[in-house]
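Q: I am attaching a structure below and will ask some questions about it afterwards.
The values are calculated or read from the model by the stated rules, or taken from the named source; none is laboratory data. The shown structure was predicted, so the numbers you read here are calculated from the model rather than taken from an experiment. Cβ placement follows ideal geometry from the backbone for every residue including glycine, while neighbour counts extend to all protein chains displayed.
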Amino acid sequence: YSENTYKKLIDAAREAVYIGLNSPSLFVKIINTISIMEALEIQIENLLKEIHLLMCSNRISAEFKKNVQLIYSIPGVGELTATTIMSEIGNIKSFVKPKHLVAYFGIDPSVSQSGKFNSNKNVMSKHGTRIGRRALYAVALASIRKIRNDEPINKVLLNFYKENMKGKSKKVDLVAIMHKLINYIFSVLKNQKEYELRDPKIHVKMHFNKQSNSTA
């Protein structure tokens, strides 16, 4: 975003010179804006370094570090987003079921995972953690993308996005993806096991067998 904005400012300055707009105040504003952007980039870079050093230090508990790595094992989740999401969640033991975590992130728990829901009725409540919700939104966007060799970052979520969300708005699509991601996060933290990419049919079968064994 910064690079694109920077380029637009430079292009605007060159165009202004070309058409004869040699206003000193215009160039001062452009230079000041660029300076502010560069200063912000330096501050962001320093902040990221501080976060990384903090995560490597003894000031952070081993349990927290492990949980960050568990979230990081989910495709599409970066180191910073994993740390952010875990920081917002805190103790996963505070959440008994995935729907409690869904509500905490401010995503309407009535969103159906089957893809058959009404976009006019199922919207994000936007209650709970705003920072966590933004981080989750970034992960949702990354999850449905492909890398350079055309391989999907998360094949299961990309297929879900393409097949089950036809005819619905992009916002509704992403809310459903975020809802699934929260279920993944809840699962890896509760089970203390890294994320495993499984076909949804296999996952349903495993869940059914688990339920059958528990009631037997």
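Q: Quick one: Ile19 ticks every box in (1) at pLDDT below 90; (2) within 24 Å of the chain's Cα centre (by Cα) except a single one, so which number is it?
A: (2)
Q: Considering only residues that are among the basic types (Lys, Arg) and farther than 16 Å from Glu88 by Cβ, which ones fall in the range 123-173?
A: Arg145, Lys146, Arg148, Lys155, Lys162, Lys166, Lys168, Lys170, Lys171
Q: Of everything in the range 74-86, what is of a type in the set (S, T, N, Q) and free of Cβ contacts under 8 Å to residues at least 40 places away in the same chain? Give them in sequence order.
A: Across the range 74-86, the qualifying residue is only Thr83.
Q: On to the next question. Go through (1) surrounded by 19 or more Cβ atoms within 10 Å (Cβ to Cβ); (2) of a type in the set (Ser, Thr, Tyr); (3) modelled with pLDDT under 90 one by one and return the number of the condition Ser143 breaks.
A: All conditions pass for Ser143, except number (3).
Q: Filter the range 142-164 down to the residues that are touching a residue at least 60 places away in the same chain (Cβ under 8 Å) and in a helix (DSSP H, G or I) and list them by number.
A: Matches in the range 142-164: Ala142, Ser143, Leu157.
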